[in-house]
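S.K.: Take this structure, written in C-alpha cells, and hold onto it; I'll ask about it next.
The values are calculated or read from the model by the stated rules, or taken from the named source; none is laboratory data. For clarity, every value in this text was computed on a predicted model and none was experimentally measured. Ideal geometry is used to build each Cβ from the backbone, glycine not excepted, and the neighbour counts take in all protein chains shown.
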Amino acid sequence: MQLHDSPAARRILLPVRASTILGSLALALLANFLPWNNVALAPDFVALVLVFWCVREPRLVGLGAGWLLGVLIDVGNGVLMGQHALAYSLLAFAAITLSRRVLWFPLWSQALHVAALLLFAQGVSALVRLAAGAEFPGWSIAVGPLIGAALWPVVSVALLMRQRMPVDVDETRAI
Amino acid sequence: MEHSPPPFFNRGPAPLVRLAFFASLSLALLVLDARFRYAEGLRSVLALAVYPLQSLATLPAAVGERIAGYFASQSQLREENAELRAKLLELSQAAQRYEAAQAESGQLRRLVGAAERLPLKATAAEILYNGRDPYARKVVIDKGSSGGVRAGSPVVDAQGVVGQVTRAHALSSEVTLLTDKEQAIPVQVVRNGLRAVAFGAGASGMLELRFMAANADIQNGDRLVTSGIDGTYPPGLPVATVARVERDAAYAFARIVCQPAAGIESGGYVLVLDAQAKRIPYPEEASPERDKRPGKFRKPRRKDADAAP
C-alpha cells in the first residue's frame, strides 16, 4: 500500500516538537499580516497551517488553537470580532474529522481535500460578514483558498522537515 | 462500578462538544461586536499583542523603500527639487492671499457677530497598507492615539477628503475610505449650495448621492464639497465631482454617481484633521437644555470651497 509519493516519505517520522508547531503558526500569522495589494488573492496561511496540524496532530492542535488564532487574526486585520474565530473553529473541526482520511492520499489529492476545507472556511466568514451587512466583494474571494490549497504540498514538505531529520548516528555502535 | 478509561486514554470532551463551545463563544463575540460594540476593550488589549508581528510584517517593505530611496539618482532629485520649489512659490502666494482673505472674513464675521471658525490642527501620516478585509474599504496609517489621532477625525489628502479614522490603536489607526459602503459624508453642491449626503458605493470606487429628488438641480461635472453640518468634517473640503446623473420617471429619486476628488485608492501621505480643535465652545450663558443639542445647529454655513488646508 502506498501512503505517500516519495519513498522517503514512507519513513517513520520523529515525534513532533512543540517549538515546530508554535513557530510555524507564528510564521503563518506573520505572513498573514504582510501588506498585500490585493487582499482577495492572498492565501490564508494561518488557515493552511492550522489545517496541516489538525490533520497531522489532531490531539495537540484543535479547536481551541483555531479559535485563539481566529481572534488574533480578527484583531490584527481589524475585522468583526469572532468572524475568523468561528471560521477557524469550524475549519479545525472539519480538518480533525477528515484527518483519518486525508493522509491516505498522495499529496496532490490531499490538496483537493484542503481546497474544499479552505473554501468552506472562507464561505463561513463570507456568510458572517454578509449577515452583518457587508456587501459581497465578488467571487475573487474564492481565489485565495485555491492558491492556499495549491501551496499544500510545499507546506507539508516544509513542516515535516524537522520530523524527517535523521537522529544523530553513533558511528561506534555495533548494530 | 465505574468504567472510566485510564487517564492516558483520556482525550477530554468530544469534538462535537468542543465545536459547540467554541462556535457559541464566537457567535457571542460576533453579536457583542456587531450589535453592541462591547468588544473594543478586548480588541485594544489583543491589538497590543499582535502589534509586534504586524510591524515585523511591514518591515521588509519599509526597508526596501528606504534602500530604493537611497539609490535615487541625483538628477531625479534635483529635478524634483526644482519642481517642488516652483510649486512652493506658487502655493505661498496662494497662502498669502488666503491669509488675507481669512483675516478679512474673520473681521466681517466679528462684525456680524457670527462665531469665528477656529484653525484646524493637522497631523501628517503615511498610509502603511490596505486593510486585510475584502468586505470593507479601509487603510492603515502610521499614526495612532499616541500621535494625537482620535477615532472620528476626518482624513484628507492634497486633493480632497479621503475618509474618516474609525479605530485608533496606540501606534496605528484604521481609516475607513469614503467609498466604503457604510461611510456617509454630508456634502454641498458648489454651484448652487444644494445639500446632500454622499454614500460610498463599495467596490466600484465611486460615491452615490441617495434620496435626491428626481428633479434636483444637479448636473454632470458639479463639484461637491463638505457642508460641515455634521460637526465632523470641516466645511469646504472638496469631496467629489458628479460623474453621472440618471433620472428615471419610474423612481422618486435620481441616481447620482460621483467620482471622488481625492486619490482614495492610491496615494501615500494623508493629513489627519483634529476633529476636536474646530468644535466651537458652547456659550457660557447656554441653558442646560440647549447644551444637549449638538453644536452643528449653530454653526455658520459657508459655501466657499477654499478652506482646504
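S.K.: Could you check, for the stretch B:11-21, whether at least one of its residues is of a type outside the set (Lys, Arg), farther than 30 Å from B:Asp142 by Cβ and under 35 Å from the mean Cα position of the chain (by Cα)?
M.R.: Checked against the condition, which is being of a type outside the set (Lys, Arg), farther than 30 Å from B:Asp142 by Cβ and under 35 Å from the mean Cα position of the chain (by Cα), the stretch B:11-21 yields no hits at all.
S.K.: Still on this structure, I have one more. Collect the residues in the stretch B:168-215 that are β-branched (Val, Ile, Thr) and without any contact (Cβ under 8 Å) to a residue 60 or more places away in the chain, keeping them in residue-number order.
M.R.: B:Thr176, B:Ile185, B:Val187, B:Val189, B:Val197
S.K.: Does A:Gly64 count as assigned to a helix (DSSP H, G or I), within 11 Å of another protein chain (Cβ to nearest Cβ), under 25 Å from B:Gly12 (Cβ atoms) and at pLDDT below 95?
M.R.: In short, yes.
S.K.: For the stretch A:10-42: of the residues being modelled with pLDDT under 90 and not hydrophobic (A, V, I, L, M, F, W, C), which is surrounded by the fewest Cβ atoms within 10 Å (Cβ to Cβ)?
M.R.: Among residues in the stretch A:10-42 that are modelled with pLDDT under 90 and not hydrophobic (A, V, I, L, M, F, W, C), the one surrounded by the fewest Cβ atoms within 10 Å (Cβ to Cβ) is A:Pro15.
Table: residues versus (1) of a type in the set (Gly, Ala, Ser); (2) touching a residue at least 60 places away in the same chain (Cβ under 8 Å); (3) out of contact with any Phe, Trp or Tyr (no Cβ under 7 Å at 6 or more places or on another chain); (4) under 20 Å from B:His169 (Cα atoms).
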residue: B:Gly41; (1), (2), (3), (4): yes, no, yes, yes
residue: B:Val45; (1), (2), (3), (4): no, no, yes, yes
residue: B:Pro60; (1), (2), (3), (4): no, no, yes, no
residue: B:Ile67; (1), (2), (3), (4): no, no, yes, no
residue: B:Phe71; (1), (2), (3), (4): no, no, yes, no
residue: B:Gln76; (1), (2), (3), (4): no, no, yes, no
residue: B:Glu83; (1), (2), (3), (4): no, no, yes, no
residue: B:Ala86; (1), (2), (3), (4): yes, no, yes, no
residue: B:Glu99; (1), (2), (3), (4): no, no, yes, no
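S.K.: Still on this structure, I have one more. Which residues, counting only those in the stretch A:89-119, are over 13 Å from A:Arg56 (Cα atoms), out of contact with any helix residue (DSSP H, G or I) (no Cβ under 6 Å at 6 or more places or on another chain) and within 14 Å of chain B (Cβ to nearest Cβ)?
M.R.: Correct list: empty.
S.K.: Right, another one. When you check B:Arg37 against the structure, is it under 30 Å from A:Ala132 (Cβ atoms) and of a type outside the set (Asp, Glu), yes or no?
M.R.: yes
S.K.: If you take the residues in the stretch B:1-52 that are surrounded by 16 or more Cβ atoms within 10 Å (Cβ to Cβ) and small (Gly, Ala, Ser), which one is modelled with the lowest pLDDT?
M.R.: It comes out as B:Ala39.
S.K.: Here's something else I'd like to know. For the stretch B:110-126, check the following and say yes or no: at least one residue is within 14 Å of chain A (Cβ to nearest Cβ) and either touching an Asp or Glu at 6+ places or on another chain (Cβ under 6 Å) or free of Cβ contacts under 8 Å to residues at least 60 places away in the same chain (or both).
M.R.: yes
S.K.: Going residue by residue through the stretch B:53-74, is there one that turns out to be among the polar types (S, T, N, Q) and more than 11 Å from every other protein chain (Cβ to nearest Cβ)?
M.R.: Within the stretch B:53-74, one or more residues are among the polar types (S, T, N, Q) and more than 11 Å from every other protein chain (Cβ to nearest Cβ).
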